[in-house]
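Below is one structure; the comments refer to it alone.
The values are calculated or read from the model by the stated rules, or taken from the named source; none is laboratory data. A quick note: this is a predicted structure, and the numbers were derived from the prediction, not measured. Positions of Cβ are generated from backbone atoms using ideal geometry, with glycine treated the same way; all protein chains shown enter the neighbour counts. Ligands, DNA and RNA are stripped out before the accessible areas are found, and what is left, the full protein with its side chains, is counted by its heavy atoms. Shrake-Rupley method; radii C 1.70, N 1.55, O 1.52, S 1.80 Å.
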Amino acid sequence: MSVLVGTAQAVLEVPVGTPMSGYAARTGPSTGVADPVTVRALVLDRAALVTVDVCGLHERTVELVAARLPDGVETPVLAATHTHAGPCVTFERLGSHDEGVHERLVETVVDVVHRAAADRRACTVHHGVTPPLGVASNRRHPTRADDPPASFLRFDDGGRTHAWLVAFPCHPVVLDAGNRLVSGDFPAHVRQHLEAATPGALCLAATGAGGDMNPGRHGAEASFEADTTGLRTVAEARRVGSVIAQAVLAAPTREVAAASVSVAVEPVELPIDRTGPDQARRELAGWRAELARGVSRERAALLETWAAWAEQLLATEHDELPDVWRGSVTAVGLGPVALVALPGEPFLATADRIERAAGHQRPVLVLGYANGCPGYVPPAEEYPHGGYEVVDAHRYYAMPGPFAAGGAERLEAAAARALAGLRA
């Protein structure tokens, strides 16, 4: 059995001096390119999956692309790899938006989807899961034994590998806030290694539900300052990518009995716990006092970002601030295997629950950062623990408050509905 699979890629030019996204503590724009930003498309029959080497993509960007899909392609999934060393193209979120780079990004995405659709050929589908890799750890709970594997699909054309899709749930944050070279971080090296091992193939390395997972053993707060360990380097990103790719190549696979592709899209609403004006004034006063006492350049950049958020919030009538974010969850079925694409930054537990709910009916590859990235979506049990993802990150995302508890569970329910739609 086979399905129609097309691929295409392009490099997105990022000029020196482009604002970078990923760290509020970064103190300046890009100074060069360590490895190029790429846009990669995998068209599966009528569904287009695109990965982009940026920290996040706005739902407005998805709408611009969706309006220009080629004939025969109906459903786009645009997933940011979530590298913290890419250009800022997320409008008001995650840093200073570069409109010129964003315009080129939209044109590039449209181009690669059209070329991939024109390249579709019959491919067999093969599914595999690596053993735990020893690469990622829980950045909120260091004592937990979380050690996720990578899941992947391989698409073969006449016995030759045509494409890879690799999903690994871990933040691409090997490179730290002090880095000002544009890079795809470790996902770029996953791709390079697999493409070198299978000449002519295109690899998409997508980030799974890695909102609470980091490479190594540093927490989210370690990114509030530049690295002083000397371990967060391009060489380390290359090593991590090689470990993942080698495990994918060595993992056993099974051919999937897929003769067609099915798609289901479910809407989802995530309630926002809006920050009140009194709280915003108190926080702003505290940050201004800390800045006046004198802090490092990185800490100052972070506090200035938070202060600008509070000032913008206070300049807006509270009732005019949104109290919900609206997006969607997309499921793509290839016979007995499915992809589930979630918006925002979901946690590993959310993917685990979606996979367990699917039971033995079908393996599920869960992708995060897809079709909009408005912030972290922690499971309800994480809220009592606080931490950056629960109480701080919404400021860098320019949201009026964090998502209220229950948002992750809404993602799970939407994923279950989408998977049920595939079965129907």
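Observations on the structure shown:
- Overall form of the range 1-141 per C-alpha gyration tensor (a/c, 1.5; a/b vs b/c): oblate
- Most fluctuating residue given options Gly401, Gly158, Gly211, as computed from a GNM of the chain linking Cα atoms under 10 Å: Gly158
- Residue-averaged [θ]222 nm for the chain, counting only DSSP H segments that reach four residues, each worth -39500 (n - 2.57): -9500 deg cm²/dmol
- For the chain, the relative contact order comes to 19 percent (Cα pairs under 8 Å, sequence separation of at least 6).
- Eigen-decomposition of the gyration tensor built on the alpha-carbon atoms of the range 90-239 gives equivalent ellipsoid semi-axes of 29, 23, 13 angstrom, largest listed first.
- Legend: residues Val52, Val16, sorted from most to least accessible area (1.4 Å probe; ligands, DNA and RNA excluded), read Val16, Val52.
- The range 341-424, accessible area per residue, ligands and nucleic acids excluded (1.4 Å, Å²): 32
- Protein heavy-atom accessible surface, 1.4 Å probe, per residue over the range 102-161: 42 Å².
- Residues of the range 196-274: accessible area per residue with a 1.4 Å probe, Å²: 43
- Probe 1.4 Å - accessible area at Cys88, Å² to nearest ten: 0
- Per-residue HN-Hα couplings for the range 171-181 [Karplus 6.51, -1.76, 1.60; θ = phi - 60°; Hz; x = Gly/Pro]: 4, x, 10, 4, 7, 9, 5, x, 6, 10, 9
- Loop-exposed GluC sites (Glu not before Pro) per DSSP, neighbour cap 16 Cβ within 10 angstrom, longest uninterrupted part of the chain: 93-316
- 10 Å-binned pair-distance histogram of the chain (Cα, whole percent): 5, 23, 35, 26, 9, 2, 0
- Cα centroid of the range 271-331 to Cα centroid of the range 159-237, whole Å: 29
- Percentage relative contact order, the range 64-115, counting C-alpha pairs under 8 Å, at least six apart: 40
- For the range 210-332, the gyration tensor built on C-alpha atoms gives an oblate shape. Its axis ratio a/c (a ≥ b ≥ c) is at least 1.5, and a/b is not larger than b/c.
- Summarising the amide proton neighbourhood of Leu367: residues at separation of 5 or more, or on other chains, whose placed amide H is nearer than 5 Å comprise Val340, Ala341, Leu342.
- Span from the the range 13-64 Cα centroid across to the the range 388-424 one, whole angstrom: 22
- Accessible surface of the chain, 1.4 Å probe, proportion on carbon and sulfur as whole %: 51
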